[in-house]
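Student: I'd like to ask you about the structure that follows.
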Amino acid sequence: MKDALDVHRSLLAREVPHEVIRLPRVVLSADEIPDALGLPAESCVAVRIYRADDQIAAVIVRAGDTPHPGAVLAALGARTLRQAHADEVNALTDFAAPLVSPVLLPDSVRVLADACVGLTDVLYAPTGDSGTVLGISSRGLLTASRASVAELCLPDAPTIDLAADLSDDTHQLAQRLRDWR
């Protein structure tokens, strides 16, 4: 299995500035990294692996997020999508499934990154090891992972109830029509 040393060596070989940081406690998945580091989820990323039609895709999202299936299908130009099973992920990536690093993915894996990932200067990503994380600039991560950027997750903004506004507008329009006659 690949680990932090493999990730470190790969980034050194490509001269990508980074650091490998020892976590204060063991994490069992990338979604636990923000809590372990005491950071907001926006500063940490996770990799979700999917099978889209006949191809494998890795999707880099903020820790705790899940990409919208329709957005992933559109970005890949695929018709079907399912999350890869842990044993598939382990065999394909050579990383532990819940701690897949966005660096060192096989060339056969298409890599997508949610556009929100690029909004943070420094990101913390899994290394495949439960006791370390990778600290890297968002630009360095996107470059090292060969990711294509797309809008994949739903926005954080609350939804707006357009029905209430529409009914008010309709009521005003009806009143104007009555007044006009």
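Student: Looking only at region 53-61, decide whether some residue is over 15 Å from the mean Cα position of the chain (by Cα), among the small types (Gly, Ala, Ser) and surrounded by 14 or more Cβ atoms within 10 Å (Cβ to Cβ).
Tutor: no
Student: For region 1-47, give me each residue that is in contact with a Phe, Trp or Tyr (Cβ under 8 Å, 6 or more places away or on another chain) and either of a type in the set (S, T, N, Q) or free of Cβ contacts under 8 Å to residues at least 12 places away in the same chain (or both).
Tutor: Of everything in region 1-47, just one residue is in contact with a Phe, Trp or Tyr (Cβ under 8 Å, 6 or more places away or on another chain) and either of a type in the set (S, T, N, Q) or free of Cβ contacts under 8 Å to residues at least 12 places away in the same chain (or both), namely SER43.
Student: Which condition does LEU173 not pass, out of (1) open to solvent by less than 90 Å² (accessible area, probe 1.4 Å); (2) modelled with pLDDT under 95, if it passes all the others?
Tutor: All conditions are met except number (1).
Student: Oh, and also: Out of the residues in region 80-97 that are of a type in the set (A, V, I, L, M), open to solvent by less than 30 Å² (accessible area, probe 1.4 Å) and not in a loop (DSSP other than H, G, I, E, B), which is nearest to ASP65 (Cα to Cα)?
Tutor: It comes out as ALA97.
Student: Something else: Pick out, from region 98-155, the strands (runs of 3 or more DSSP E) lying fully within it that include 1 or more residues that are of a type in the set (Val, Ile, Thr) and in contact with a Phe, Trp or Tyr (Cβ under 8 Å, 6 or more places away or on another chain).
Tutor: On the way: elements: 110-114, 122-126, 132-137, 148-150.
Ranges flagged: 132-137.
Student: Here are the criteria: (1) in contact with an Asp or Glu (Cβ under 7 Å, 6 or more places away or on another chain); (2) modelled with pLDDT under 95; (3) surrounded by 17 or more Cβ atoms within 10 Å (Cβ to Cβ). Tell me which single one GLU42 does not satisfy.
Tutor: Failed condition: (1).
Student: Scan (1) surrounded by 17 or more Cβ atoms within 10 Å (Cβ to Cβ); (2) in contact (Cβ under 8 Å) with a residue 40 or more places away in the chain for the single condition THR143 breaks and write down its number.
Tutor: (1)
Student: Also: Could you list, in sequence order, the residues of region 103-114 that are of a type in the set (D, E, K, R) and open to solvent by less than 10 Å² (accessible area, probe 1.4 Å)?
Tutor: Within region 103-114, just ASP114 meets the criteria.
Student: Only one of VAL27, VAL100, VAL117 is modelled with pLDDT under 95 and buried (at least 16 other Cβ atoms within 10 Å of the Cβ). Can you tell me which?
Tutor: Selected residue: VAL117, the only one of VAL27, VAL100, VAL117 that is modelled with pLDDT under 95 and buried (at least 16 other Cβ atoms within 10 Å of the Cβ).
Student: Another question, then. Return the pairs, sorted by first residue and then second, in which the second residue is open to solvent by 90 Å² or more (accessible area, probe 1.4 Å), the first residue lies in region 81-95 and is farther than 8 Å from ARG51 by Cβ, the beta carbons are less than 7 Å apart, and the residues are 6+ apart or on different chains.
Tutor: Listed by first residue and then by second, the contacts come to ASP94/MET1; PHE95/MET1.
The values are calculated or read from the model by the stated rules, or taken from the named source; none is laboratory data. Since the model is a prediction, treat every value here as computed from it, not as a measurement. Reconstructed Cβ throughout: ideal geometry from the backbone, glycine too, with neighbour counts over all protein chains shown. When the accessible area is computed, the model is the full protein with side chains, heavy atoms only, and any ligands, DNA or RNA have been set aside. Shrake-Rupley method; radii C 1.70, N 1.55, O 1.52, S 1.80 Å.
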